[in-house]
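Take a look at the structure set out below.
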Amino acid sequence: MDRPTNMVILTGAGISAESGLRTFRAEDGLWEDHRVEDVATPQAFRRDPELVQRFYDERRKNIMAAEPNPAHEALARLDREWDGELLIVTQNIDDLHERAGARRVLHMHGEALSVWCLACDARHRWTGTLRDAPGCPACGEGALRPDIVWFGEMPYEMDRIFAALARTDLFVSIGTSGAVYPAAGFVQQAKSAGAIALELNLERSQGSAWFDETRLGPASEQVPAWVGEMLR
Ligand code: BV8
């Protein structure tokens, strides 16, 4: 494979597992003690906003207590030193990529440390809780919801993602089960644009057959090794 110029890196919950943040589908996964439709859908929020706010208040607290791991640090180094196009598209709502120093990061499913006012449409950085319906810093209304893309809602910046996939030479998927769309379909788009596809994961993902190469193992080992190869 001659040296790629442009790359898109898709990350999922698996890259933050070694930072102590639970994944979704592991036996001790997030969805274990919550049905997805009870906490991550607009219908759930209308039905029981207090339950949904408590669920994300808990996630926000855990995320602030977590630290980036060697996989986040290696991607931050690659972002700093890669002179070609590079975009880290993350499905994660944590800020560990940025805390490791990465800059070319896009949160397609939103961010836990951001809230969205349904009254005035403003967005605010947020490190507190929402369960007691605090007022919006801009309009004062108690209409704040987590700035997160729930099931049935359109992910953020899809045009920017599709444009990057159409231009990429290398598509790398890290720590994702490939169970949720449209993210799970990105490998096909990259392949149809002529890119090489590499998967770094603990186990084969649902879309594994689409990848030219799969390397199995913990992200904290696989990602620094791969980045070392890219920057050699
Ligand atoms: C939409 C934010 C339409 C919330 C999330 C096509 C076919 C079938 C269904 C659909 C389809 N198109 C759309 C759908 C419906 C749905 C969907 O895909 N359903 C699934 C369940 C079948 N998709 C949607 O609803 C999407 N929206 O389609 O809108 C639309 C169109 C027009 C106009 C309006 C609307 C929106 C989906 C986004 C939902 N929000 N997150 C929150 O975080 O609480 S999704 C959430 O789940 C994550 O963000 C992520 O995307 C997904 C979890 O997946 P992973 O991150 O991969 O985590 P998982 O635990 O599954 O796997 C972890 C992996 O890591 C494992 O493979 C494991 O082996 C590995 N691992 C573990 N430890 C390590 C490791 N790897 C390396 N090292 C380790 N140490």
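Against the empirical 2.2 N^0.38 Å (N residues), region 112-177 has a Cα radius of gyration ratio of 1.50. Once you order the gyration tensor axes a ≥ b ≥ c over the Cα atoms, which shape class does region 192-232 get: rounded for a/c under 1.5, otherwise prolate or oblate by comparing a/b with b/c? Taking the square roots of the gyration eigenvalues as a ≥ b ≥ c, region 192-232 is oblate. The GNM of the chain, with springs linking C-alpha atoms under 10 angstrom apart, assigns the highest mean-square fluctuation among S205, S173, S16 to S205.
Charge dipole (Cα centre; +1 on Lys/Arg Cβ, -1 on Asp/Glu Cβ; no other charges) of region 72-140 amounts to roughly 180 debye.
How big is the chain by the Kirkwood estimate over distinct Cα pairs, in Å? Walk me through the intermediate numbers first.
On the way: mean 1/r = 0.0546 Å⁻¹.
Hydrodynamic radius (Kirkwood, Cα only) of the chain equals 18.3 Å.
Inter-part distance, region 170-232 to region 80-142, computed on C-alpha centroids, equals 24 Å.
Bear in mind that the values in this text are calculations on the coordinates, not laboratory data. Predicted model only: the values in this text are computed from it and were never measured. Backbone-built Cβ (ideal geometry, glycine too); neighbour counts: all protein chains shown.
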